[in-house]
Amino acid sequence: MTIFAKKVPINLSPEINGVIKEKGKPVAHIEVERSVYLNFTGDYYTDKALTDSDGKFHFPEKTIELKKPSSITTVVKRHELYVEYKNKHIPIWFMNIHTLNPVNVVSEKLKKLNCDLENQEQQFDFEDSEYPASTFSTLTLCRWNDN
């Protein structure tokens, strides 16, 4: 007899809102790509958005249903954002997350990205009270206003 594993909702990505700039000026009508890789399935999930005339872009929260990995599986969600600009594929956000659940501090940052293509890539480390033993690190060109 075969037992079918129940599928569960898995949060691939929180909602993302941002603006793309170059030297402080909005960059209109360029493509932003969101890519999420799940190590335990080997699958990539991608979607794209275009910046508006003010350089703003938006991705809705993305959740899928998958068979839940076993408790001994190391989960890694690789979350990346790229822009296509002047014939270049430019990474603006890169983060590995070791949980299938949303991480509040990361979700809050992704709701207010201010990405200037002239910024130097920088590493930021975040702590979340729901994961006291973990630090969440990103490499990014983006900044955000925590007010």
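The values are calculated or read from the model by the stated rules, or taken from the named source; none is laboratory data. If you're wondering where the values come from, they're calculated on a predicted model, not measured in any experiment. For neighbour counting, all protein chains shown are included, and Cβ atoms are generated from backbone atoms with ideal geometry for every residue, glycine included.
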inquiry  = Quick check on my filter: what residues within the range 137-147 are surrounded by 10 or more Cβ atoms within 10 Å (Cβ to Cβ) and polar (S, T, N, Q)?
reply    = 137, 138, 140
query = Would you pick out the residues in the range 125-136 that are of a type outside the set (Asp, Glu) and either crowded, with 17+ Cβ neighbours inside 10 Å or at pLDDT 95 or above (or both)?
reply = 126, 131, 136
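Filter the range 17-66 for residues that are in a loop (DSSP other than H, G, I, E, B) and in contact (Cβ under 8 Å) with a residue 40 or more places away in the chain and give the result.
Kept after step one, since they are in a loop (DSSP other than H, G, I, E, B), are these residues of the range 17-66: 23-24, 27-30, 39-42, 51-55, 60-61.
Matches in the range 17-66: 23, 24, 27, 30, 60, 61.
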ask   = Looking at the range 85-110, which of its residues are closer than 20 Å to residue 29 by Cα, modelled with pLDDT under 95 and surrounded by 14 or more Cβ atoms within 10 Å (Cβ to Cβ)?
value = 85
inquiry  = Please go through (1) out of contact with any Phe, Trp or Tyr (no Cβ under 6 Å at 6 or more places or on another chain); (2) surrounded by 15 or more Cβ atoms within 10 Å (Cβ to Cβ); (3) on the phi < 0 side of the Ramachandran plot; (4) modelled with pLDDT of 95 or more for residue 55 and return the number of the only condition it doesn't satisfy.
reply    = (3)
